[in-house]
1. Once you have the Kirkwood Rh of segment 170-381 from its Cα pairs, apply Stokes-Einstein at 37 °C and 0.692 mPa s and quote D in µm²/s.
2. Student exercise: in segment 479-536, how many lysine pairs 8 or more apart or on different chains have Cα atoms under 20 Å apart?
3. Tally Lys/Arg at +1 and Asp/Glu at -1 over every other residue whose Cβ is under 15 Å from the Cβ of ARG83; what's the total?
4. Contour minus end-to-end for GLN58 and ASN339, with contour as 0.36 nm per residue of separation and end-to-end as the Cα-Cα distance?
5. Of the listed values (i) 229; (ii) 156; (iii) 166, identify the label whose number matches volume of the Cα convex hull per residue in Å³ calculated from this model.
6. Using 0.36 nm per residue, how much length does the chain from TYR308 to TYR13 gain when fully extended, once their Cα-Cα distance is taken away?
7. Taking 0.36 nm per residue of sequence separation and subtracting the Cα-Cα distance, how much length would be gained by fully extending the chain between VAL443 and LYS500, in nm to one decimal?
8. Suppose each label sits 7 Å from its Cα in the direction of the beta carbon; what would the GLU232-ASN330 distance come out to in nanometres?
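Each reported figure results from applying straightforward, stated rules to the coordinates on display, with no laboratory input. No experiment lies behind these values; they were computed from the predicted model shown. FYI the Cβ positions are ideal-geometry reconstructions off the backbone, even for glycines, and counts take in every protein chain you see.
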Amino acid sequence: MAKVVLLAINAKYVHSSLSVWLIAEGVSHFSRFPHEMRIIEATINQKINDIVNGITEQNPDIIGISTYIWNAGMLPEVIARLREQLPGTVIVLGGPEASNNIDYWLENGAGYVLEGEGEYIFPQFLDAFTEKNNNSDFWDEDIKTITVQQSDNLINPYNNAYFKTLNGRLSYIETSRGCPFQCSFCLSAGSSVKYFPLDIVKEQIHKLSQANTKTIKFVDRTFNCNATRAFEIFEYVINLNTECGFHFEVAADLFDEQTLLLLETAPAGRIQFEIGLQSFHEPALNAVSRQMDISKAERNIRFLLKTYNIHIHIDLIAGLPYETLNDFQNSFNRAYNLNTHTLQLGFLKLLHGSELRKQADSLGIQYSIEPPYEITCSTWLSTDDLLVLKQVENALQNTRNKNRFLSTLHYVLSATGKTPFSLMHALGASVPNRGTQLEEFIVQIYEFFKGLPGIDDNDLKDCMIYDWLSMVKGKNMPGFLKNDDTQRKRITENAEKLLKRKLRREEYAILHSRKGVFVDSNEHDPVAGLYNVYICD
């Protein structure tokens, strides 16, 4: 018997780890010997000493660490500390960061690196460790990289211990593994797709939907690559009796008419889609073997948005080959004008094991050697160009992508005639937000926006009043937005009649037109996440 700690270091506290629970359950199913398993879930924001101390308290024989791009930067120090405090303990790494960069991790303290599906390979490793049989085909002290063929068995990680530690965090589910597409920046490119049995998948979905989690995220790489199967799962989650939301990564151009009509029937907020558009520039898409019918993807996104029941998140990647700054501006403006709920501007990452990393030199792409291996310049984007894009990202993340100032942005774009890209660049360059409190940030962006040509100060303030009420709960409005309060009685009477309760002072305001505006801060839009705001005479 081995005493084992499985360590997951998540990007945020709200995240949970699926991998370590799958591996632990795999050990209970496939190991020939009993093993004592402990799971530790930490975050990258914790102190390394705290993480290490939590492990050393268990005094394990083996530590299994799940490696990903988000935790790779801190793992060498974690491993070094573990080596100091537990010199006799075997440290075993798995996951995409380790299995695609084996020599580096063996040189930086790993005893072994496992390749393949952890829930099948790790039990065999533990059994071999227990036997310490050097004649075994599996165990060889000279072999530090171990690969095992995959299995078709489906492991259910959702046991009582899992639910006990979930504590309302995001939960994850995998209904298929692999991706049929060939995107050269992705580690799943071109792998065969293994689909897990639908009856068992539905059982797991139902079990999670009744647990203490608000969002269930499907980790399937392109969830709707099999349209028939996707339809059946969508239909199942739409009809569930649950308050959970379900998050899927999908390709917009793969939706057929039958599925789109089904999705119209989903309860508001039940489904969230993350759609990786990456670019609208066809030479860039072709260069990374990204298959997408651009026009169909746009049509389907607009269709999904019109019912206003599904949260739509779209992604762009800056730094793809053959896409210049001007080309990317066009992609950005086109994506922004789709008016999805979130538009994420990401930067190309040259991942270990990806085809694009192998091609980087020949394509003239330079990137950081430190995780997350982000592009630093290329034949098509200079370092100055990337600085511009970082400024755009900063403004985008601190406004639209946080559901902040949506009506204000709409007004400013309309009044100034600026393109979305030019406005976001100007805002990010002039008013960068690096942890600025909202009360201070709203003053800064007001001062910036009111100085733009075509902006009427009163109209700008009215938009910001509306936005403040929709996005903030329980805080008084900044003083510069407050107008004459003599109409308070009229507004509160109308609002309280509608809300059927007393109105709190921070829930209403006066517009410069003398109209009243108030918010129902007990109710928020399940799709956009904003509070419902009303205007009255």
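1. The estimated diffusion coefficient comes to 181 µm²/s.
2. Taking the Cα cut-off of 20 Å, the pair count is 7.
3. Here the count lands on -3.
4. Result: 96.1 nm gained on full extension.
5. (iii)
6. Value of the extension gain: 103.2 nm.
7. Full-extension gain reported as 17.2 nm.
8. About 4.3 nm separates the two model spin labels.
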